[in-house]
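The values are calculated or read from the model by the stated rules, or taken from the named source; none is laboratory data. What you are looking at is a predicted structure, and each value in this text was computed from that prediction instead of being measured. Here the Cβ positions follow ideal geometry from the backbone for every residue, glycine too, while neighbour counts run over all protein chains shown.
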Amino acid sequence: MLHIVNKSPFQTTTLESCLRIARPGSALLLIEDAVYAVAKGNAVEARVRQAAETLEVYALAPDLEARGMKDAAIDGVRLIDYEGFVDLVAAHEPVQSWL
Amino acid sequence: MSNVTGEVEQDANAAGVVKKFMFVNRKAPYGTVYALEGLEVVLISAAFDQDVSLVFLDDGVYDLVKGQNTKGIEVKNFSPTYRALEGYDIEKLYVERESLAARGLSQDNLIVPVEVLSAAELSELMGQQDVVISF
């Protein structure tokens, strides 16, 4: 299964809800403002690192670049482009977008 | 005749009123349109010669992060506009220390010089305003 989150972890509890529900082995793709979650030194770093132990965590690189956060991404998070986004969606079923 | 004079005086007084305006930006730059629209309002306010303060709080601090490159998402990178505010005599830029810390950011990560305030200091400053407008 693929979970997609697009909200900042500091603005809503969307990411927290997703991590509570997502089962080990699932994929998690962070897009739009959710990419802030993978930045080093922030208040959710430990939570994201913990999630990355049981989930495949991806972040959309163009969204990180737009926000000036690409260099801040923690290890263990795989950065993908739009083609990678399509591949992820094609490879997983079902897909849950946490709007 | 006296009526006309009265109106003129009233206009002159109105033109001379300077109020303390604080704009509070709490939104990240591209996920929603609030940050950009807020910036537009701040630029418009400059035309009215008011005492303007601009505060970046919560995800609003992300608006000022250096090195934004929006080519990949095909939207306008408006972060350089914050550097132009000085030219409009908008020089009071404040960032909350707690907001920076929670996001692993420091003043060195920001594209403009700002004054970093604690929540307590910001609270005090907010209380001194005539008008507070939030985005």
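Modelled with pLDDT of 90 or more, assigned to a helix (DSSP H, G or I) and acidic (Asp, Glu): which single residue out of B:Asp11, B:Asp63 fits that description?
Matching residue, one of B:Asp11, B:Asp63: B:Asp63.
Quick check, is A:Thr54 within 14 Å of another protein chain (Cβ to nearest Cβ) and either in contact with a Ser or Thr (Cβ under 9 Å, 6 or more places away or on another chain) or within 23 Å of A:Leu99 (Cβ to Cβ) (or both)?
The answer is no for A:Thr54.
If we scan the range A:20-29, do we find a residue that is within 13 Å of chain B (Cβ to nearest Cβ) and either free of Cβ contacts under 8 Å to residues at least 60 places away in the same chain or surrounded by fewer than 24 Cβ atoms within 10 Å (Cβ to Cβ) (or both)?
Within the range A:20-29, none of the residues are within 13 Å of chain B (Cβ to nearest Cβ) and either free of Cβ contacts under 8 Å to residues at least 60 places away in the same chain or surrounded by fewer than 24 Cβ atoms within 10 Å (Cβ to Cβ) (or both).
Quickly run through the range A:1-15 and pick out the residues that are surrounded by fewer than 19 Cβ atoms within 10 Å (Cβ to Cβ) and touching a residue at least 12 places away in the same chain (Cβ under 8 Å).
Within the range A:1-15, A:Met1, A:Gln11, A:Thr14 qualify.
Taking the range B:87-126 as the search range and keeping residues that are of a type in the set (Asp, Glu) and either touching a residue at least 12 places away in the same chain (Cβ under 8 Å) or under 14 Å from B:Tyr62 (Cα atoms) (or both), which one is surrounded by the most Cβ atoms within 10 Å (Cβ to Cβ)?
So the residue we want is B:Glu96.
Listed residues B:Lys76, B:Lys66; which is in contact with a Ser or Thr (Cβ under 9 Å, 6 or more places away or on another chain) and under 21 Å from A:Gly41 (Cβ atoms)?
Every option except B:Lys66 fails the conditions.
Can you tell me which residue within the range A:56-67, out of those that are surrounded by 20 or more Cβ atoms within 10 Å (Cβ to Cβ) and touching a residue at least 24 places away in the same chain (Cβ under 8 Å), is farthest from the chain's Cα centre (by Cα)?
Going through the qualifying residues, I end up with A:Arg67.
Kindly list, by first and then second residue, each pair from a residue in the range B:19-44 that is within 14 Å of chain A (Cβ to nearest Cβ) and free of Cβ contacts under 8 Å to residues at least 40 places away in the same chain to a residue that is outside any strand (DSSP E or B) and among the charged types (D, E, K, R), limited to pairs with Cβ atoms under 6 Å and residues at least 6 apart or on different chains.
Note: pairs meeting the criteria are B:Ala28/A:Asp33; B:Ala28/B:Asp59; B:Gly31/A:Glu32; B:Gly31/A:Asp33.
Within the bounds of the range B:101-111, is there any residue that is among the polar types (S, T, N, Q) and touching a Phe, Trp or Tyr at 6+ places or on another chain (Cβ under 7 Å)?
Within the range B:101-111 (the criterion being among the polar types (S, T, N, Q) and touching a Phe, Trp or Tyr at 6+ places or on another chain (Cβ under 7 Å)), the answer is no, since none of the residues qualifies.
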